[in-house]
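These notes concern the structure reproduced below.
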Amino acid sequence: MSTMLGQCLRQFGQKLVRRKPQFREEPESPETPPLNTLDLVVIGLDNMLGAGIYILIGGVAKYVAGPAIILFLLVAGLTTLLSGLCYVELATGVKVPVSGYYVSYVTMGQLYAFITGWNLLLYLIIATACIARAWSSTFDSLIGNHISEALGGTFSLQMPYFLASFPDFLALGLVLLLTGLLALRVYESTVINKVFTGLNILVLSFIILSGFIKGDLHNWKLMEQDYTLAAAGSGDADSLGLLGSGGFVPFGFDGILQGAATCFYAFVGFAHIVNAGRKARNPQWSIPLAVMISFFICFLVCFGVSAALTLMVPYYLIQLESPLPQAFVYVGWESAKYVVAVGTLCILLYSLLSIMFIMAQLTYAMAKDGLLFRGLAWIPAPTNARTDAPTDARIIVRTIALTGNPIMAVFVPGTLAAVMALLFDFTDLVDLMSLRSLLAYSLVTFSVLVLRYQPAQNGSKKEKTEEETKVEPEVEGGPLESEPEAGTSNILKSLWFPPSTNPTRKSGQIVYGCASLVVLLLIILSLILYQ
């Protein structure tokens, strides 16, 4: 009985650490021109300068950072740059397009992939709901806040505190509409991509220039008397944000880590550079250079937008859900409000569509691997179109079937995101989204520590056999196993000064143990800091 139980536990443990074999890389088409560094930078900026700038800066500046948000962005940018360089290193060891979920499955095993995939999926669902809420609020401010005034107070005071003050039916309808459009594969258009990228650059440039023209340096050194005057003018101090201690850093440096974790989302999007870099003329040079240039430009843009916002509006008067359009109202540029609001709506809509597209792809991949319900990977066949259905319905069903689109992977997470956009408050969604993105990318980059010291274990069967043939002699005679009778001092010496740089099975085991110890210590430290 105990033997059978031990075998079952061993088989279960082997399943948890089982790695996914890499697929063979598809040969490049000879007609596809190679990309240069500038092309990769454009791809990176297209994915990094998205919704994060429009929905994060207002909340962080109002409640966490004040004018010192530029310092928070610097910390978040440096942290994300290191994460991006980790992605570059992973791209050299994984011969497929890099995604956080797939890299975790190939390098770390099934359990790690399950945790990483769920974190990424939850992050995408929450980001969808958050962007939909931001779109709804921007549209509401554009038409005079009629929607919020009509629905305000719909939820009773007995409802849970984490729910919004009113249900956002506009955000619900927007997510459901885009879910239906994704089922018809309307996202795959390079023309739409170029148009929205150009529009995004124009809107951000206009905001930065306007902020420095209409801004006031006094807003970076506000004191308690300014807050008192603002409260007397509004008649309600509760409508203002927190004052803190005033000045450039009103909330001190205690909240820098909290604000940096929230601002992390503003720099996400570097994985697209790594994926596209496989088609570069010189990927070993172009990919890391493009990553660093993209981060530098993204930081300058975020710096300019946040500085412009806090110069135009006192940080405690920033409107949380539509900060940029309302900033122009505060400085007296009513007409500019509509220009910025329309541009913001278009960019948020495009970002929402792209995130939902990635969400459907991840759901399909996890369901196909058995880490989600396999029904989510169902793709309708062309024979599913009913001949007795009305003409219009028959055309729609046939269109969906012929596209080969995983319908359930589109509709199920899309519906969940729509419900979250309907019920949950914007600030809670922003915090959850940012922390989930930080955790998900931290899990991915953490695998670099383990992968760097592991002998090659993936690839096709032929490649794996060849690698094992080369590695096995090194394992048997490696520096960590050649002298099992040596004392502790020799073992420590071989750890600090290994005679060979080739990874062995023993080095992989040591790194696994050290990585697990680091995780345990971080959990304990987090619990202590939380208390």
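The values are calculated or read from the model by the stated rules, or taken from the named source; none is laboratory data. Everything numeric here is computed off the predicted structure, so don't read it as measured data. With ideal geometry, Cβ positions are generated from the backbone for all residues, glycine too; neighbour counts draw on all protein chains shown. Protein only, heavy atoms only, side chains kept; ligands, DNA and RNA dropped before computing areas. Shrake-Rupley method; radii C 1.70, N 1.55, O 1.52, S 1.80 Å.
Have a look at Ile147, Ile125, Ile208 and point out the one that is modelled with pLDDT of 80 or more, open to solvent by less than 40 Å² (accessible area, probe 1.4 Å), in a helix (DSSP H, G or I) and closer than 25 Å to Leu423 by Cα. Let's see the steps before the verdict.
Values: Ile147 fails: open to solvent by less than 40 Å² (accessible area, probe 1.4 Å); Ile208 fails: closer than 25 Å to Leu423 by Cα.
The unique qualifying residue is Ile125.
Each row is one residue, and each column tells you yes or no for (1) in contact with a helix residue (DSSP H, G or I) (Cβ under 7 Å, 6 or more places away or on another chain); (2) at pLDDT 75 or above; (3) in a helix (DSSP H, G or I).
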position	(1), (2), (3)
Ile396	no, no, yes
Ile400	yes, no, yes
Val410	yes, yes, yes
Gly414	yes, yes, yes
Val419	no, yes, yes
Asp428	no, yes, yes
Ser434	yes, no, yes
Val444	yes, no, yes
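Residues in segment 165-178 that are surrounded by fewer than 23 Cβ atoms within 10 Å (Cβ to Cβ) and closer than 18 Å to Pro406 by Cβ: 1 in all. Are there any helices (runs of 4 or more DSSP H) wholly within segment 274-377 with 1 or more residues that are farther than 25 Å from Leu45 by Cα and open to solvent by 50 Å² or more (accessible area, probe 1.4 Å), and if so which? Passing ranges, in order: 323-330, 334-368.
Looking at this structure, is Thr190 touching a helix residue (DSSP H, G or I) at 6+ places or on another chain (Cβ under 8 Å) and modelled with pLDDT under 75? When the stated conditions are applied, Thr190 does not pass them.
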